[in-house]
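Chemist: Got a structure for you, questions after.
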Amino acid sequence: MATGFLTDTTVCIGCKACEVACKQWNQLPADGYELTGDSYDNTKQLSGTTWRHVAFIENPRKRRLTGDVDLVALAEDVKEQLPGGAEIDALGRWSFMSDVCKHCVEAPCQQACPTGAIIRNEFDNVYIQPDVCNGCGYCVSACPYGVITRVPHDGRAFKCTLCYDRQKDGLEPACAKACPTDSIQFGEVEDLKVRAEERVAELHAKGYTNAYIYGTPEVGGTGGIGGNHSKFILMDEPETYNLPRHPFLPQDKVHQASVASIVTAGVLGAVVAFAFGALERGAR
Amino acid sequence: MPGLGITYGRGGATSNLQDLQNADCILIEGSNMAEAHPVGFRHPMIAKKKGAKLIHVDPRFTRTSAMCDIYAPLRPGTDIVFLGGLINYVLENERYFEEYVKAFTNAATIITEDFEDANASGLFSGWDEEKKQYNPSSWRYEGMPIDYAAVGGSQGSLLGEAGQGESGEMHPGMERPRDMTLQHERCVFQILKRHFARYTPEMVERVCGTPREAFLEVAETLCENSGREKTSSLCYAVGWTQHSKGVQVIRTAAILWLLLGNIGRPGGGIMALRGHATIQGSTDIATLYNILPGYLPMPDVNKEHDTWREYVTNETANSGWWSNFPKYITSQMKAWYGEAFDAEKGELFDHFPRLSGDHSYYPTIMEMKDGGVKGAFIFGQNLAVGGPHAKLARDGLRNLDFLVVLDAYEVETATTWKMDGVKPEECGTETFFIPMALVAEKEGSFTQTQRMLQWHDKSVEPPGDARSDAWFVYHLGRRMKELYKGSTEPRDSLINAMTWDYPVEGEREEPSIESILKEINGYTVADGKPVGGFAELKDDGSTASGGWIYSGVYANGVNQARRRKPWTEQSQVAPEWGWAWPANRRILYNRASADPDGKPWSERKKYVWWDQDQGKWVGDDVPDFQADKPPSYRPDEDARGVDALPGDGPFILNGDGKGWLFAPIGLKDGPLPVHYEPVESPVPNLIYDKVQHDPVAKTFDRPDNPYNPPEDPRYPYVVTTYRLTEHHTSGAMSRWIPWLSELQPELFCEISPELAAEKGVSNTDWVTISTSRGKIHCKALVSERIPVYKFEGRDLHTIGLPYHWGPNGLVKGDVVNDLIPVSLEPNVAIHEAKAFTANLEAGRV
Amino acid sequence: MTDVREETRPSRNGQVETSHHPETDPQRKDNDYYGIPPIKEHTWTWEIPLYFWLGGIGAGAHVVTTIARLVGVEDQAFLRAGRYTTLVTMLLSPVLLIMDLGRPERFYNMLRIVKWRSPMSMGSWALSVFGGLSGLVATAQAAEDGLLGRDNFAARLAGAIPDRLMSLLALPFGYFVGAYTGVLLATTSVPMWARNAVLMGPTFLSSALSTGLSAISLVLHLGDWGERRTLESLRKAERIALVVESSLLAASLIRMSRWGKPLFSKKLGPLFVGGTLIGGLLAPFALLSGRESRSRSLLASVLVLIGGYLLRYTMVEGGRLSARDPQATFTFARKENLPLREENV
Ligand SMILES: Nc1nc2c(c(=O)[nH]1)N[C@H]1C(S)=C(S)[C@@H](COP(=O)(O)OP(=O)(O)OC[C@H]3O[C@@H](n4cnc5c(=O)[nH]c(N)nc54)[C@H](O)[C@@H]3O)O[C@H]1N2
Ligand SMILES: Nc1nc2c(c(=O)[nH]1)N[C@H]1C(S)=C(S)[C@@H](COP(=O)(O)OP(=O)(O)OC[C@H]3O[C@@H](n4cnc5c(=O)[nH]c(N)nc54)[C@H](O)[C@@H]3O)O[C@H]1N2
Ligand code: SF4
Ligand code: SF4
Ligand code: SF4
Ligand code: SF4
Ligand code: SF4
Ligand SMILES: [Mo]
C-alpha cells in the first residue's frame, strides 16, 4: 500500500495551518524573521527546516468598469451579460499553494543517497533515516524540486517524513489534520488519483477549464520520475508555483555517462601507451 | 449586538456555522472570515462545493475574497449605503418574500403620525438639540402608549441579548393597527420604502465607490437565492461593529434578511462571528459593567431601583419573554447569597452596587488618566496595544497606584512603566505580573460564535507558578472573606453573605470548574439537585441559578457542554455536540421555518413544523417557541407573558412576536438606519448633507483625544485596521511563538500601487503614517489587492493596517492603535477602528 | 536573465534573499516565483573542488605509470614520482571528503551499501579500493627505495608485494576515481551539469590524466630526475592529453549551450576562460609544442595543474549559480531535455 497527498490548491485559503502544524509536530525551528514583501509569503520555500510551505501568488487582473473605478471585482465565473453591458473578464486571483516533498515514485534523492539513509518505508513514502544520514549533501542536488537542504546547525539533511511516526500510530499527517478546508487530503495513492480526476472534472464542468493534476505521470509532466505520491490540483502553469514542468530522474543518465567515460578511458590509455613509445618498443 | 437584538429580540448569532452548508448563497461583509475564522470557513467552502454562491464585500481583496464567486469592494464606513441599496433594490423590484414579510414582521404595523423620517433633515423626529439625543416617543406604533421605564437610562445592556427594556414593551393583547395590504402610507412597509428610496445603485456607486455592476450582481444573486425554495446566509464581524454607527449597519442587514425571508430558516442565518474563543460567553456570563449574567439589567441609581421590589417590578415586562425576569433575578441572588438572601424582602439588595454612570472601557481609561481610579486588575487583556488610542490607555495605566496584570506572557500592558520613553523611577505605578495558565492547562468551557458551550479538559499542568484565573479569583475571594469575617458593617454584608464554597482539587487547590457550571445552570435550593432548564426557575427563592440562559447545561447532573458525539452519528443539526443556549436551540426563531399555518415553506427548507396529530412543534432542532402553542393561537385581551404572543409570532422576545423592520424604541440613533460618514472622513456625507456623522456617536473632546476634522487636507487617506490569520489581536498569543512570528514577522501597511507611485514608495520601503493622535513607522506592502476608490471624480486612497504588533515579543512593530481616536458607537460604545483618516509619508520621519 | 540572481546571497537554511512584488519589481515579470530558485544549490564547500582535483591527479598519475610500465618503461625515477604522487593525493582525498560531511563521524556509512546508480556510493568504494591498492604499490616502492630500512621484516614483507599485479588491479579503479567526479555532478538536477551528462565524466577524466602527467613531469623536472626518453614521452603525452581535453571541453560547452552561462558569468568567467581555457590548456600546449627547456616544462606543468584545479572549481561553482537561476531550471526541465526512457517518449 502506498500513501500520499492530494493538495487541492483550488480550496486552499492560505491559512498556513499546515505549515505551523508541521513545524510543531516535528519540532522544527523558525527560519528567522524577515518581511519579504512577496505577498504574504515570508518563509519563501521548502527547506530542511520548513517541510510544508504555502506559496502566495497574486495575480489580480485590473479592469475598467463604468463609474471608472479601477479594481479587481466580480465573479470568476460570471459569463452572462451584465446590467449596463459591462465587460467582465476573469476575476484576478490570489492563489495559495501548500507545497511539500513530492514523494517521487522514482525518487532522485533516494537513488542518489550513498549511505542508504533515504529509503522507501512500508507506506512507500520516501523517508530519510536520521540515524544513518551523514550529511554528504548529495540528495540536495539530486532533488528536482528543491525540497531538501542540509540543516546547518545539525549537519544532516531533512525533509517531510510524511509523518511516518503518526502513520505508524494510525494517525493522518499533522498538516492534513490541521487543514480546515481539506485542501490537503491524505490517503492511498490510488484513491487520491481517482479523487483528483473527479475533482478536476468537476472544476472543468464549473468552467474552471485551466484546472489540472500535477503528479500523475499520465497527466502532469512528472513522467520522468514516474509521478509523485504527493499530487496537486493546479490552476496555473507549474512554474507559477515554482514547480518544474518536466522533472526528470538524474540517475537515468548514469548509464550513458559511464559508457562515455569508459570509452574515454580507453582512448586516454592508448594516448599514454602511444606517447611512451608502445610502437617502437613493441617493434623490438 | 443590539442591531440583531432590537430586530429579532436576541443579540446572538441566529444560526450556527455548520448550517452555512445549507445556504444557497452566503454574503460575507464586514468580516474577513477566511482569515479570522479559518476553521469556521470550512462550512462556506462546503456550501460552495455544493453549488452555493459566495460573496465578499470588503474594502480590500483578502484571502476571503479570493475564495468567493463575487467580490465587491467598498470604501470603509459606507455599508449602510450598500445594504440600504440592496433593501431599495428588493423593495423596488418586489423581490421580498411577501408571505413571510406580512406574517412575521411588523411591515403592516402603522406608526403614529408624529413620526418624521430623516430624509429631509438627516434627523428623525424627536431630536433634542441641547441634549443631543432623541426622544423616541414619536417613533411608536399607532395607538401604543410607550413605556419609558423600558427605554431606560443608559441602555447599556444592549450588548448581546436585548434587555427587556429594549425588547419594546407593548401592552399585550391589544390588537395593533395594521394594514395587511401594506398600502397604508404610514405602515412600516411604506415608510421603509420611502426611507430607502434614495439608496439607488448610482448612489451606492458614488458613496461606496462600488462599481454599479458589482453591486447589481450582488443584489441579483441574493434575490435569486432567497425566498420559499432558497435561503441565503450572512456573516459579519467587527468590520461592521467597529464603526460609530455599527449597530445601525447590523440593523440594515437584519432588515434586509427579514425582507428576504431568511431568518429562522436553514441556511438563512445571520452569523455574528465572534472574536475570542469565548467572547460570547464573556457577554453571556457578563464581564460587562452594565449587565448581570444572562443579560439581566444592572441596578442603576438613575432608575427606580431603590429597593428589591422596585427593581423587580420596574424591570419586569408584561408580555413576551421578559415577563420571567423575577424568576431569573431571584434565582441569581439565591445563587450568590444563598440563605442570606430573602426572596421576598431582599434586604441584601440595598447594599448591592448600582450603576452611577458610564463605566465602560474608555471612560474608565480616561478616569485612570485623570486620577479617578486607584488600581486595576487586568485579566487577559493587552489594552496597551489592543485598545484604540493605546497611548491614552498606557498613560492611564501609568497613573494608577497599583496594577495587577494576569497574563501568560509579559505583555505590553505589564510593561507600560518602561514604555514610551518613560523613566521607570518616574512611574509611580506598583505593577504586579501574575503568570496565568493557558487554555490547555486548565478545564473549562468556551461559548463560541454560535452560542454553543464546548468543554475543554486540562491536558497539562501549568508551568511554574502559573494558575488558572479561577484559582486566582477563588482564593482572592476566600482570603477576602477571611478578612471581613465578623465585620458587622452593613456595607460588608454582601461579602459576608456571598456563597464561596466551591470544592478544590489537587495539591494546587484549583477550584472545581464543574461545580461553578452547576451553580450557573441552577439547582433547587432544598436538595441542591440541578434544574433541567430555565423553565424550572422560580421567583420564590426555591431555586438558584447564576445565569438563567445557561440553565440546562448541567441538566440531570450531566455536563452537557462536554458532549462530543460526532456529527456523523447524528442529524446534521448535531444537537448532541456541546450545548447551546437557549435550551440547546441551534437555529433561533426557527418557528419561522414554517409558514403562518405551521407548514414548512418548502420541502427543501424543512426544519421545524407543527405536527397536528402530536399537537406540537417538531423537527431536528429544539423549537424556539412554546412547544405546544398551535399556529392558530391568538392571545386574548388580558393574556400575560408569553401567552400574550400569537401562534404566528416567531420572535418571542419581541413584545409583538414580530421581527422589527422598524424599531419603535430601543436605539439611541433612530428607528431606521441612516448613512452617516465616519467621525473622521475625508469626504462629505452625500446622502444627508446636513449631518456629517452619527449625531449621537460618543465623542470626547479632550486635548489628548483630538479628532481629524472631516475633509481635512492634512489627513487625506482612509485607514482601516484588521487582523491577519498568522497573529492574534494584540499579538500577545502569537508574537511570542516562533512558528507564528516567522509567518508575519513585522508590522506593515497595505497600499495600492497607485498610492505607492504617488508617494515614491516601493515594496517593503519604510513609510510613516500619522494622525492628530500620533504616528507610526512601518514597511509598505504594495498590492493591487488594495483598490483605489473614485469619489466625485477624485482618487480616494485607503491604507490597510493589521494591528498585531508592539514593542515586546519575538517580532516587534509600532502600536497601530496609537493612531486611533476614541469615538464610540452610541448604543454599545465600540470604538471606530475600521474607518478613520491619516496621512502617509515616505520614509521614517 | 538579469544578473540580480548572481548577487542573491544564500542565508539561513538554504533560504535566499528574494525579489519583491510583481508590481514594484521588474524581475517579477519572469514567470517564476519571486525569483526563488525552484531547486537547491549544493552544500559543498572548498574541500570538494580541491578533492576533485587531487583525486584526479592521483588517478592520472597511476594510469600513466601503470600503462607506461606495461609498454616497458622501467625508468625508476619516473615510476617513483608517479607512485608517490598517487600516494600523497590518496592520503589527502579521504580527509577532504570527510571534512566536508555534515556528520564527519559517520563517514563509514558511505560503505554501508553498494548502489550502482549512485556515483557517490560507487565513488566512495572505488576511492577506498584504489587508495588501498595504490597504497600497497607505494609501500613496495618505499621498500625498494630502502625507506623502510634494509632487510628487516617490514621491508621484506613490503618487498614481497607483487607491485606490478597490484598496480594493474588498481588501474580500473584509478580510471573510475578520475571519471566519477564528473558523472557525480552530471547525475543531479542542476541544469548546467545535467545538460552535459555524457561529457562530464570524460572531461574530468581527461583533465585527471593531464594533471597527473603534469604532476609527474613537475616532480621530475624539479629534481632533475628521470631519463631524457621518459621526459620526452611525458611531454608528448601531455600535449596529446591537452588536445583531447580541449576538444572534450569544447564539445561540453557546445552541449551546455545556454545552460553553461554561469561559466562565463562575472564571478567565474575570468577564472574559467583565463585560468582554464587559456592558462590551463592553450598556454601550456604552446609551451610544450615549442623549443624544449626545463623552465618551459616546469611552467607548463604548473599551468596545467592550476588550470585543472580551476576547471573543477568553476564547474562546481557554476553548478551553484545554475541552481540559483530559476529560468535555467524551468527552461531545462522540459520534455525535450528528458533522458530517453520508454515511459515518457
Ligand atoms: N487569526 C486571527 N483570527 C481572529 C482574530 C485574530 O486576531 N487573528 N481575532 C478574533 C477576534 S477578537 C475578532 S473580533 C474576530 C474579527 O473578525 P473580522 O471582523 O473578520 O476581522 P477584521 O480583520 O478585524 O475585519 C474584517 C474585515 O473588515 C474589513 N473592513 C474594514 N472596514 C470595513 C467596512 O467599513 N466595511 C466592511 N464591509 N468591511 C470593512 C477589513 O478590510 C477586514 O478584511 O476575529 C477573531 N479571529
Ligand atoms: N485597531 C484595532 N484595534 C482593535 C481591533 C481592531 O480590529 N482594530 N479589534 C478589537 C477587538 S475585536 C478585540 S477582541 C481586542 C482584543 O484586544 P485584547 O483582548 O487586549 O488583545 P488580546 O491579545 O486578545 O489579549 C488577550 C490576552 O489574554 C491573554 N490570555 C490568553 N489566555 C488567557 C487565560 O486563560 N487567562 C488569562 N489571564 N490571560 C489569558 C493573552 O496572553 C493576551 O495577552 O482588540 C480590539 N482592538
Ligand atoms: S521531491 Fe525531492 S525529496 Fe521528495 S522524494 Fe522527490 S526527490 Fe526526494
Ligand atoms: S545527506 Fe544524508 S540523506 Fe542526503 S544523500 Fe547524503 S546521506 Fe543521504
Ligand atoms: S506529512 Fe508531516 S512531515 Fe510531511 S509536511 Fe505534513 S506534517 Fe510535515
Ligand atoms: S492548511 Fe490547508 S487551507 Fe490552510 S494553507 Fe494549508 S493547505 Fe491551505
Ligand atoms: S483559532 Fe481557534 S477559534 Fe479561531 S479559527 Fe482557529 S480553531 Fe477556530
Ligand atoms: Mo474581538
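The values are calculated or read from the model by the stated rules, or taken from the named source; none is laboratory data. The model shown is predicted, which means the values in this text are computed figures rather than measured ones. Using ideal geometry, Cβ is built from the backbone for each residue, glycine included, and neighbour counts are taken over all protein chains shown. Side chains are part of the model used for accessible areas, which takes the heavy atoms of the whole protein and leaves out ligands, DNA and RNA. Shrake-Rupley method; radii C 1.70, N 1.55, O 1.52, S 1.80 Å.
Chemist: For the stretch B:558-648, which GluC sites (Glu not before Pro) are both in a DSSP coil and crowded by at most 11 other Cβ atoms within 10 Å?
Modeler: B:GLU603, B:GLU637
Chemist: Taking θ = phi - 60°, what integer Hz values does the Karplus form 6.51 cos²θ - 1.76 cosθ + 1.60 yield along the stretch C:38-45, in sequence order, with x for Gly and Pro?
Modeler: Ordered by residue, 3J(HN,Hα) equals x, 10, 9, 6, 5, 9, 6, 10 Hz.
Chemist: Any idea what the relative contact order of the stretch C:178-274 is, in percent, if you count C-alpha pairs under 8 Å spaced at least 6 apart?
Modeler: Details: 85 pairs, mean separation 27.8, N = 97.
Once normalised by length, the contact order is 29 percent.
Chemist: Continuing with this model, one more query. How large is the helix-only mean residue ellipticity at 222 nm for chain B, computed as the sum of -39500 (n - 2.57) over DSSP H runs with n ≥ 4, divided by its residue count, in deg cm²/dmol to the nearest 500?
Modeler: -6000 deg cm²/dmol
Chemist: A follow-up question, please. For the pairing of chain C with chain B, what total accessible surface becomes buried, with a 1.4 angstrom probe, in square angstrom to the nearest 100?
Modeler: That pair of chains buries around 400 Å² in total.
Chemist: Next question. State in Å² the accessible area per residue of the protein assembly as shown; use a 1.4 Å probe, count heavy atoms of protein chains only, and round to the nearest integer.
Modeler: Solvent-accessible surface per residue comes out at 34 Å².
Chemist: Calculate, for B:ARG714 and B:VAL618, the FRET efficiency according to 1/(1 + (r/R0)^6) with r their C-beta to C-beta distance and R0 56 Å; round to the nearest 0.05.
Modeler: After rounding, the FRET efficiency stands at 0.30.
Chemist: Could you tell me which helices of chain C pass both thresholds, a Cα extent of 24 Å or more along their own axis and a mean Kyte-Doolittle hydropathy of at least 1.0, with helices taken as whole DSSP H runs? Please list the in-between numbers first.
Modeler: Working: long enough: C:47-70 (34 Å, 0.98); C:76-100 (36 Å, 0.95); C:119-144 (36 Å, 0.78); C:163-186 (34 Å, 1.22); C:197-223 (40 Å, 1.41); C:228-256 (41 Å, 0.29); C:294-324 (45 Å, 0.49).
What comes out of the filter, once short or polar helices are dropped, is C:163-186, C:197-223.
Chemist: About the Cα centre of the protein assembly as shown, how large is the charge dipole given +1 on each Lys and Arg Cβ and -1 on each Asp and Glu Cβ? Please answer in debye to the nearest 20. If you can, show how the numbers build up before the last one.
Modeler: Details: 151 positive and 182 negative charges, 1436 e Å.
With Lys and Arg at +1 and Asp and Glu at -1, about 6900 debye.
Chemist: Continuing with the same structure: For the stretch A:133-145, in order, what is each residue's ³J(HN,Hα) by Karplus, 6.51 cos²θ - 1.76 cosθ + 1.60 with θ = phi - 60°, in whole Hz (x at glycine and Pro)?
Modeler: The phi angles translate into 3, 10, x, 6, x, 5, 4, 4, 7, 7, 5, x, 10 Hz.
Chemist: How would the stretch B:798-844 be classified by its alpha-carbon gyration tensor: rounded, prolate or oblate, with rounded meaning a/c under 1.5 and the a/b versus b/c comparison settling the rest?
Modeler: Values: a/c = 2.91, a/b = 1.46, b/c = 1.99.
Oblate, because a/c is 1.5 or more while a/b does not exceed b/c.
Chemist: Can you give me the distance in nm between label points at B:TYR633 and B:SER542, each placed 7 Å from the Cα along the Cα-to-Cβ direction?
Modeler: Placing both labels 7 Å along Cα→Cβ, they lie 2.3 nm apart.
Chemist: Pick out, from C:GLY58, C:SER121, C:VAL273, the residue whose Cα sits farthest towards the positive end of the charge dipole of chain C, with +1 on the Cβ of Lys and Arg and -1 on the Cβ of Asp and Glu.
Modeler: Comparing the listed Cα positions along the dipole, C:SER121 ranks first.
Chemist: When only C-alpha pairs under 8 Å and at least 6 residues apart count, what is the relative contact order of chain B, in percent?
Modeler: 17 percent
Chemist: Can I ask one more? Based on the mean of other beta carbon atoms within 10 Å per residue, what is the order of A:208-218, B:669-679, B:446-456, most packed first?
Modeler: Working: A:208-218: 17.9, B:669-679: 26.2, B:446-456: 22.6.
Final packing ranking: B:669-679, B:446-456, A:208-218.
Chemist: With only alpha-carbon atoms in the gyration tensor, what are the semi-axes of the equivalent ellipsoid for the stretch B:586-721, in Å, largest first? Please report the intermediate quantities before stating the final value.
Modeler: Values: eigenvalues 453, 64, 33 Å².
Value: 48, 18, 13 Å, ordered largest first.
Chemist: If r is the Cβ-Cβ distance from C:SER295 to A:GLN24 and R0 is 51 Å, what FRET efficiency results, to the nearest 0.05? Walk me through the numbers before you get to the answer.
Modeler: Working: r = 68 Å, r/R0 = 1.33.
Here the calculated transfer efficiency is 0.15.
Chemist: Calculate, in nm to one decimal, what B:VAL301 and B:SER121 gain on full extension: separation in residues at 0.36 nm each, minus their alpha carbon distance.
Modeler: Result: 61.3 nm gained on full extension.
Chemist: Do any residues of the stretch C:93-119 show a loss of at least 40 square angstrom of accessible area between the isolated chain and the full protein assembly, using a 1.4 Å probe, and if so which?
Modeler: C:GLY102, C:ARG103, C:ARG106, C:ASN109, C:MET110, C:ARG112, C:LYS115, C:ARG117
Chemist: Right, something else. Check every DSSP H run in chain B and write down those whose alpha carbon atoms cover 24 angstrom or more along the long axis and whose mean Kyte-Doolittle hydropathy is -1.0 or greater.
Modeler: Both cut-offs are met by no helix.
Chemist: Cβ neighbours within 10 Å, averaged per peptide: list B:486-495, B:195-204, C:31-40 in order, most packed at the top.
Modeler: C:31-40, B:195-204, B:486-495
Chemist: A follow-up question, please. To check my understanding: the extent here is largest minus smallest coordinate of the Cα atoms along each principal axis. What are those three numbers for the protein assembly as shown, in Å, largest first?
Modeler: So the extents along the principal axes, rounded to whole Å, are 139, 78, 69.
Chemist: Taking beta carbons within 10 Å but only from partner chains, what does the mean come to for residues B:32-39? Mind dumping the intermediate values first?
Modeler: Details: counts 0, 1, 5, 4, 0, 1, 9, 5.
Per-residue shielding by partner chains comes out at 3.
Chemist: So who's got an amide H within less than 5 Å of the one on B:PHE377, skipping anything under 5 residues away but keeping other chains? H placed 1.01 Å off N, in plane.
Modeler: B:VAL404
Chemist: From other protein chains only, count the Cβ atoms within 10 Å of every residue's Cβ in B:194-207, then give the mean.
Modeler: Other-chain Cβ atoms within 10 Å of each residue's Cβ, averaged: 1.
Chemist: While we're here: Rounded to the nearest Å, what's the spacing between the alpha carbon centres of the stretch B:580-607 and the stretch C:242-256? Just the number, please.
Modeler: 82 Å
Chemist: Something else about it: Using a ≥ b ≥ c from the Cα gyration tensor of the stretch B:499-607 (square roots of the eigenvalues), is it rounded, prolate or oblate, where a/c under 1.5 gives rounded and otherwise the larger of a/b and b/c decides, a/b for prolate?
Modeler: oblate
Chemist: Could you check the simple spin-label distance between B:GLU505 and B:MET180, using points 7 Å along Cα→Cβ, in nm with one decimal?
Modeler: Distance between label points: 5.8 nm.
Chemist: What total accessible surface area, summed over both chains, is buried at the interface between chains A and C, computed with a 1.4 Å probe and given in Å² to the nearest 100?
Modeler: Looking at A and C, the buried total is near 7500 Å².
Chemist: Averaging sequence separations of C-alpha pairs under 8 Å and six or more residues apart, then dividing by the length of chain C, give the relative contact order as a whole percent. Don't jump to the answer; show the numbers that get you there.
Modeler: Working: 481 pairs, mean separation 77.0, N = 345.
Worked out over chain C, it gives 22 percent.
Chemist: Would you kindly calculate the translational diffusion coefficient of the stretch B:406-499, applying Stokes-Einstein with the Kirkwood radius from alpha carbon pairs, for 20 °C and a viscosity of 1.002 mPa s, and quote it in µm² s⁻¹ without decimals?
Modeler: 128 µm²/s
Chemist: Grab the beta carbon distance between B:ARG354 and C:ALA250, set R0 = 60 Å, and tell me the FRET efficiency rounded to 0.05.
Modeler: 0.05
Chemist: Another question, then. Each residue of the stretch A:29-37 in turn: what ³J(HN,Hα) in whole Hz from Karplus with 6.51, -1.76, 1.60 and θ = phi - 60°, glycine and Pro shown as x?
Modeler: x, 6, 8, x, 10, 9, 7, 7, x
Chemist: Just the number, please: carbon plus sulfur as a percent of the accessible area of the protein assembly as shown, 1.4 Å probe, no ligands or DNA/RNA counted. Mind dumping the intermediate values first?
Modeler: Numbers: 28780 of 50500 Å².
Here carbon and sulfur together make up 57 percent of the probe-accessible area.
Chemist: Per residue in the stretch B:52-77, which ones lose no less than 10 Å² of accessible surface when going from chain alone to all protein chains (1.4 Å probe)?
Modeler: Buried on complex formation: B:LYS53, B:PHE61, B:ARG63, B:ALA66, B:MET67, B:CYS68, B:ASP69, B:ILE70, B:TYR71, B:PRO73.
Chemist: Have a look at B:PRO631, B:ILE516, B:TRP548 and report the one farthest towards the positive end of the charge dipole of the protein assembly as shown, computed about the Cα centre with Cβ charges (Lys/Arg +1, Asp/Glu -1).
Modeler: B:ILE516
Chemist: Taking amide hydrogens as modeled 1.01 Å from N in the peptide plane, which residues meet the under 5 Å criterion relative to B:GLY444, leaving out close sequence neighbours?
Modeler: Distant-sequence amide H within range of B:GLY444: B:HIS456.
Chemist: I want the antiparallel fraction of DSSP beta bridges within the protein assembly as shown, as a percent rounded to 5.
Modeler: 60 percent
Chemist: Could you give the alpha-carbon Rg of chain B over 2.2 N^0.38 Å, rounded to two decimals? The partial results should precede the final answer.
Modeler: On the way: Rg = 26.2 Å, N = 845, 2.2 N^0.38 = 28.5 Å.
That works out to 0.92 for chain B.
Chemist: Lys/Arg Cβ at +1, Asp/Glu Cβ at -1, dipole of the stretch A:116-186 taken about the Cα centre: which of A:CYS163, A:ALA178, A:VAL132 is farthest positive-ward?
Modeler: A:VAL132
Chemist: Taking a ≥ b ≥ c as the square roots of the eigenvalues of the Cα gyration tensor of the stretch C:114-272, is the shape rounded (a/c under 1.5), prolate (a/b larger than b/c) or oblate?
Modeler: Values: a/c = 3.05, a/b = 1.65, b/c = 1.84.
The shape class here is oblate.
Chemist: Further, regarding this structure: Quick query: amide H of B:THR543 versus all other amide H atoms, modeled in the peptide plane; which residues come in under 5 Å with a sequence gap of 5 or more or a different chain?
Modeler: Residues meeting the criterion, in which the H sits 1.01 Å from N, are B:VAL525, B:LYS538.
Chemist: Next up: Rounded to the nearest 100 Å², what is the buried accessible area between A and B, both sides summed, probe 1.4 Å?
Modeler: It comes to approximately 4600 Å² buried between A and B.
Chemist: If each of A:MET1 and B:ALA757 carries a label point 7 Å out from its Cα toward its Cβ, how far apart are those two points in nm?
Modeler: For the pair A:MET1/B:ALA757, the computed spacing is 5.8 nm.
Chemist: Identify which of C:ARG117, C:ARG324, C:ARG312 has the largest mean-square fluctuation in a Gaussian network model of chain C, with springs joining Cα atoms closer than 10 Å.
Modeler: C:ARG117
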